[in-house]
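A.B. asks: My questions will all concern the structure given below.
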Amino acid sequence: MTSFQTDSAPSNSSQAMQGWALVVDDHPLFCDALELTLRSIADFSAIRTADCLEDALKQLEEDNAPSIILLDLNLPDVSGLDGLIRLKRQAAQTPVIIVSSMTDNSIISGAIVAGASGFVPKHSPRAVFKEAIERIERGEIFKPAGYVESSTTSERDETMSRLSSLTNQQARILDLICEGKLNKQIAFDLTIAETTVKAHVTAIMRKLGVQSRTQAVLVAQDARFSKVLPSSE
C-alpha cells in the first residue's frame, strides 16, 4: 500500500474538529472502521452513521451541521455524484470527504467540482485520513496520490458545476421533471403556484445552459455513474 507523509503535523489528534461527524456508507463493517479511524485522529463530540442518503439528509435536518461528512458514492438510494450534490445543498458549509474504491481521475475531478473537500481511496491507512482532515482544516482540498491535475475543464466537470449551482428548490423541481411530471403536478406536490414553478424551470434551464426540459433531464443524468465513470473500452 502506498505510504503518505504528512506536512509536519502534530502527533496528537486534531483539536479543531470538535463537533460531530457523519459517516455515510451502507457497509456496516466499513462504517465501524471509519468510526474507529475518526475517533483516533480527531476529537469529535460524536460520530454518527447513515446507511443511505435519505437517512443522512434526515439527520442533517434534525441537528446542527456536522464538522465533517465522510461519504461513499455507491449507496442503495442514489448513484453517481448526485448524493454529494444533494448533501452539499443540505449542509453547504460542511466539508465532505469522498471515501470510495473508485479512484479514476474523472471521478475525483468530478467530485471536487461538485463540492467535495477531499477524496480518500477506501482502505487507505489511517495516516491518509488524518492528513486529509488536517489539510481541510487549513482550507485546502485533499487529493490522493496518483491523481493527475488537468489543465482544462472537461465537459463532465462543467456539468457537475452547473448542477451544483442549483438551489434546493430548483433541485427538487429538477428531480420531479426527471420523473416526467408537468408544471401543474410539480406545483401540487410542492404546494406552490404554477407560475412559481414556471419561473424556477426557466432559471433551471438558464443555469444548466439548455433550451428544453428534455435537455435538462439529460444534464441531470450526467451526475449518474453511467456518465461519470470512464468507458471500460
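The values are calculated or read from the model by the stated rules, or taken from the named source; none is laboratory data. Predicted, not measured: the structure shown is a model, and the values here were computed from it. Neighbour counts are summed over all protein chains in view; Cβ atoms, including those assigned to glycine, are modelled from backbone coordinates with ideal geometry. To get the accessible areas, we keep the full protein, side chains included, count just its heavy atoms, and leave off ligands, DNA and RNA. Shrake-Rupley method; radii C 1.70, N 1.55, O 1.52, S 1.80 Å.
A.B. asks: Please report, as a whole percent, how much of the solvent-accessible surface of the chain comes from carbon and sulfur atoms (probe radius 1.4 Å).
C.D. replies: Working: 5660 of 11710 Å².
Taking all protein chains in place, the chain shows 48 percent carbon and sulfur surface.
A.B. asks: Counting only residues 5 or more places away or on other chains, whose amide H sits under 5 Å from the amide H of Ala42 once H atoms are built in the peptide plane?
C.D. replies: Ser14
A.B. asks: Pull up all non-local amide H partners of Ser100: gap of 5 or more, or a different chain, and H-to-H distance under 5 Å with H placed in the peptide plane.
C.D. replies: Val120, Lys122
A.B. asks: Magnitude of the Cβ-charge dipole of the chain, K/R +1 and D/E -1, about the Cα centre, nearest 20 debye? Working shown, then result.
C.D. replies: On the way: 23 positive and 30 negative charges, 144 e Å.
Roughly 700 debye for the chain.
A.B. asks: Rounded to the nearest 500 deg cm²/dmol, what is the calculated helix-only ellipticity per residue at 222 nm for the chain, with -39500 (n - 2.57) per DSSP H run of length n ≥ 4?
C.D. replies: Numbers: 11 runs with 111 residues, N = 233.
Computed ellipticity for the chain at 222 nm equals -14000 deg cm²/dmol.
A.B. asks: With a probe of 1.4 Å, find how much accessible area the chain has per residue, and write the answer as a whole number in Å².
C.D. replies: Numbers: 11710 Å² over 233 residues.
Using a 1.4 Å probe on heavy atoms only, each residue of the chain averages 50 Å².
A.B. asks: Using Cα atoms only, what is the angle between the long axis of helix 126-137 and the major principal axis of the chain, expressed in degrees (0 to 90) to the nearest 10?
C.D. replies: Roughly 60 degrees, rounded to the nearest 10.
A.B. asks: Taking only Cα atoms, what is the 0 to 90° angle, nearest 10, from helix 194-208's long axis to the longest principal axis of the chain?
C.D. replies: So the inclination is approximately 50 degrees.
A.B. asks: Would you mind checking Lys88/Lys130; Lys122/Lys198; Lys58/Lys207 for any pair whose Cα atoms are more than 31 angstrom apart?
C.D. replies: Details: Lys88/Lys130 22 Å; Lys122/Lys198 43 Å; Lys58/Lys207 27 Å.
Checking Cα-Cα distances, Lys122/Lys198 exceed 31 Å.
A.B. asks: Using Cα atoms only, what is the angle between the long axis of helix 168-178 and the major principal axis of the chain, expressed in degrees (0 to 90) to the nearest 10?
C.D. replies: Once rounded, the angle reads 60 degrees.
A.B. asks: State the antiparallel share, in %, of DSSP beta bridges confined to the stretch 21-88, rounding to the nearest 5. Intermediate results must be reported in sequence, preceding the final value.
C.D. replies: On the way: 1 of 9 bridges.
Close to 10 percent.
A.B. asks: Find which of Ile112, Ser79, Thr49 sits farthest along the positive direction of the dipole of the stretch 49-115, computed with +1 on the beta-carbon of Lys and Arg, -1 on that of Asp and Glu, about the Cα centre.
C.D. replies: Ile112
A.B. asks: Out of all DSSP beta bridges with both ends in the chain, state the antiparallel percent to the nearest 5.
C.D. replies: On the way: 1 of 19 bridges.
Bridges in the chain that DSSP calls antiparallel: roughly 5 percent.
A.B. asks: Let me ask something else about it. If amide hydrogens are placed 1.01 Å from N in the peptide plane, which non-local residues have theirs closer than 5 Å to the one on Trp20?
C.D. replies: Ser45, Ala46, Ser67
A.B. asks: Just want the answer: with Cβ charges of +1 for Lys and Arg and -1 for Asp and Glu, which residue in Ser40, His123, Ala216 is farthest toward the dipole's positive end in the chain?
C.D. replies: Value: Ala216.
A.B. asks: Counting Lys +1, Arg +1, Asp -1, Glu -1, what net charge surrounds Lys143 among other residues with beta carbon under 12 Å of its beta carbon? Please list the in-between numbers first.
C.D. replies: Values: positive: Arg135; negative: Glu131, Glu140, Glu149.
Taking every other residue near Lys143 into account, the sum is -2.
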